[in-house]
Amino acid sequence: MTTPGHSHKPLVGVSQCLLGDPVRYDGGHKYDHWVNRVLGKYFKYVPVCPEMAIGLGVPRKPIHLLASDATTRVRGVEDPGLDVTDALALAAERTLQDSPQLSGFIFMQNSPSCGVYTVKRFSKTGVLLDRAGRGEFARRLIDQQPQLPVAEAQELAEASARASFIARVRAYQQEQFGV
Ligand code: SF4
């Protein structure tokens, strides 16, 4: 697959920890080879760490998906009184407003903010209920822009998934922005 000239590279949002930036709750990162060394040739990245964007800072106390009755909220692991669900949803809306030219988004898996599939959900007492959750930032972003091509970084380790994602992003860019 040919790499495009810089000016035509689609803008793609990315969970910032995947780029190697130390924005995780413990000051670490999740540098991803495929995102950086391979897909980085095709896309111009717009890095976003929603937990930093809502002012949680580094280091920060971990958060997780807490499910009760019909609702799932993003709450502090140690302090369930901390509820950042609405703030994360707002961060997603702001991301789309600030970057209207996005043609795709690559999310970090297993995160209560960024995970798209199979994010763990816990009960009030800390028992693992299921892996049917979606991070709140990802959820709102996808709800707002359902046609936007999205992927979790882990699936892009496969060549066929990368090729398909690049094709979807290019098609979206062409369709939405005519470039
Ligand atoms: S998974 Fe999302 S919220 Fe967590 S550190 Fe990475 S970019 Fe930030």
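Equivalent-ellipsoid semi-axes for region 66-116 (Cα gyration tensor, √(5λ), whole Å, largest first): 25, 13, 10.
Let me spell out the model: positive unit charges on the Cβ of Lys and Arg, negative unit charges on the Cβ of Asp and Glu, origin at the Cα centre of the chain. What dipole size does that give, in debye rounded to 20? Could the numbers behind the result be given before it?
Numbers: 21 positive and 18 negative charges, 73 e Å.
Dipole of the chain, to the nearest 20 debye: 340 debye.
Note on the chain: helix-only mean residue ellipticity at 222 nm, from DSSP H runs of 4+ residues weighted -39500 (n - 2.57) and normalised by residue number, equals -8000 deg cm²/dmol. Estimated from the Cβ-Cβ distance and a Förster radius of 30 angstrom, the FRET efficiency linking S160 and D26 is about 0.35.
Say a paramagnetic label sat at a point 7 Å from the Cα of D143, along Cα to Cβ; which residues of region 77-99 have their backbone N under 19 Å from it? Counting backbone N atoms under 19 Å from the label point, the list is 83-98. Within the assembled protein chains, the solvent-accessible surface assigned to K41 is about 110 Å², based on a 1.4 Å probe.
Working note: Debye formula, equal point scatterers on the alpha-carbon atoms of the chain, no solvent; log10 I(q)/I(0) at q = 0.10, 0.11, 0.14 Å⁻¹ is -0.38, -0.46, -0.73.
DSSP assigns beta bridges within the chain; of those with both partners inside it, close to 40 percent run antiparallel. Quick check: net charge around G104, other residues with Cβ under 10 Å of its Cβ, Lys/Arg +1 and Asp/Glu -1? Surrounding charge for G104 is +2. How many angstrom separate the Cα center of region 119-179 from the Cα center of region 86-105? One Cα centre to the other: 13 Å.
Applying 0.36 nm per residue to the separation of A171 and A132 and subtracting their alpha-carbon distance, the gain on full extension is 11.1 nm.
The values are calculated or read from the model by the stated rules, or taken from the named source; none is laboratory data. These numbers come from a predicted model, not from an experiment. No Cβ is skipped: glycine too gets one built from the backbone with ideal geometry, and neighbour counts run over all protein chains shown. To get the accessible areas, we keep the full protein, side chains included, count just its heavy atoms, and leave off ligands, DNA and RNA. Shrake-Rupley method; radii C 1.70, N 1.55, O 1.52, S 1.80 Å.
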